[in-house]
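Below is one structure, written out as structure tokens; comments come after it.
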Amino acid sequence: GAEYIDSYVFNQVEHVRFNSTVGKFVGYTEYGVKNAETWNRGSELARELGELERVCKPNADIDYSVVLDKT
């Protein structure tokens, strides 16, 4: 299956990532871990889950059928 990843990078270091497989934000630095904990309790998580439903899931079927047509 496909997964949706939204990375938050500053100075070429990934601090936080939303991963649809996990279903929440994950922090990779001390700063990122703090943000992930806050964002997972707030409106940021709902926004990411909304984007997943609004953009990714409807387009996944379209993209998948295009890939199948090319093989």
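So that you can scan it fast, the table gives a plain yes or no per residue for (1) of a type in the set (Lys, Arg); (2) open to solvent by less than 70 Å² (accessible area, probe 1.4 Å):
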| residue | (1), (2) |
| --- | --- |
| Phe10 | no, no |
| Val13 | no, yes |
| Val16 | no, yes |
| Thr21 | no, no |
| Tyr28 | no, no |
| Lys34 | yes, no |
| Glu37 | no, no |
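Run down Thr29, Thr38, Thr21 and say which single residue is of a type in the set (Val, Ile, Thr) and in contact with an Asp or Glu (Cβ under 7 Å, 6 or more places away or on another chain).
Working: Thr29 fails: in contact with an Asp or Glu (Cβ under 7 Å, 6 or more places away or on another chain); Thr38 fails: in contact with an Asp or Glu (Cβ under 7 Å, 6 or more places away or on another chain).
Result: Thr21 is the single residue among Thr29, Thr38, Thr21 that is of a type in the set (Val, Ile, Thr) and in contact with an Asp or Glu (Cβ under 7 Å, 6 or more places away or on another chain).
I'd like the full set of residues that are open to solvent by less than 100 Å² (accessible area, probe 1.4 Å) and within 12 Å of the chain's Cα centre (by Cα), limited to segment 41-54. Working first, answer last.
Of all residues in segment 41-54, those open to solvent by less than 100 Å² (accessible area, probe 1.4 Å) come to 42-46, 48-52.
Glu44, Leu45, Ala46, Glu48, Leu49, Gly50, Glu51, Leu52 - these are the residues of segment 41-54 that are open to solvent by less than 100 Å² (accessible area, probe 1.4 Å) and within 12 Å of the chain's Cα centre (by Cα).
Here Val66 fulfils each of the conditions (1) assigned to a helix (DSSP H, G or I); (2) modelled with pLDDT of 90 or more; (3) of a type in the set (A, V, I, L, M) apart from (2). Scanning segment 1-47 for residues that are of a type in the set (Lys, Arg) and assigned to a helix (DSSP H, G or I) gives Lys34, Arg41, Arg47.
The values are calculated or read from the model by the stated rules, or taken from the named source; none is laboratory data. Note that the structure is a prediction, hence the values are computed from the model and not measured. Every residue, glycine as well, gets a Cβ built from its backbone with ideal geometry; the counts of neighbours run over all protein chains shown. Heavy atoms of the whole protein, side chains included, go into the accessibility calculation; ligands, DNA and RNA do not. Shrake-Rupley method; radii C 1.70, N 1.55, O 1.52, S 1.80 Å.
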